[in-house]
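What follows is a short report on a single structure.
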């Protein structure tokens, strides 16, 4: 791929990132991405053989951004894995609430080609980071760290979705997600009040 092709490919992805950020996942059509990139509606097919391939490239950018935020926030808590998990949880929830379209796209593996375009190479290290923190927070636990981390992730994801939809603020009568994040960590790691 020459420099011009690489530039157009990157522009299509950047337009997709901007589109999903501003208008949500439903706006991510090939035709709209091409229009906003200033190319013919068939041009994206030259760089992305399928619509799913383009969506996967866009999602990869979201995972890269989330990974950077988590690494910056939780990476400093190597000595205290629970603090690292709290920082990771805050980043995850913040990203979900402030990048709703991208967040939805990133976790729709039914729509993405996760084995294409480095998507797995970008997303799986985030899960391994979570597993490492869980393993260090609960050394010698009977449950495999990956299983416990998966349950914690599912709980965080559900918390993010239910908060974004307004269900949890309505049900709890609260306007602060932080107590819920603490409760999730307590449920998976045990309470710090013991």
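Side notes on the structure shown:
- Here the residues 47, 92, ranked from fewest to most Cβ neighbours within 10 Å of their Cβ, fall in the order 47, 92.
- When the alpha carbon coordinates of the range 61-194 are projected onto the principal axes, the ranges are 46, 37, 26 Å, largest first.
- Sequence ranges 93-105, 163-175, 121-133, ranked by mean other-Cβ count within 10 angstrom, highest first: 93-105, 121-133, 163-175
- Förster radius 22 Å - calculated FRET efficiency between residue 109 and residue 182, Cβ distance, rounded to 0.05: 0.15
- Of every Cα-Cα pair in the range 1-47, the percent that sits beyond 13 Å: 49 percent
- Net length gained if the chain between residue 26 and residue 6 were fully extended (0.36 nm per residue, minus Cα distance): 4.6 nm
- Ellipsoid equivalent to the range 1-130 - semi-axes via the Cα gyration tensor, in Å: 30, 15, 12
- Relative to the longest principal axis of the Cα atoms of the chain, helix 81-98 runs at roughly 40 degrees.
Throughout, read-outs are computed from the coordinates displayed, never taken from laboratory work. Quick caveat: nothing in here was measured; it's all calculated off a predicted structure. Neighbour counts are summed over all protein chains in view; Cβ atoms, including those assigned to glycine, are modelled from backbone coordinates with ideal geometry.
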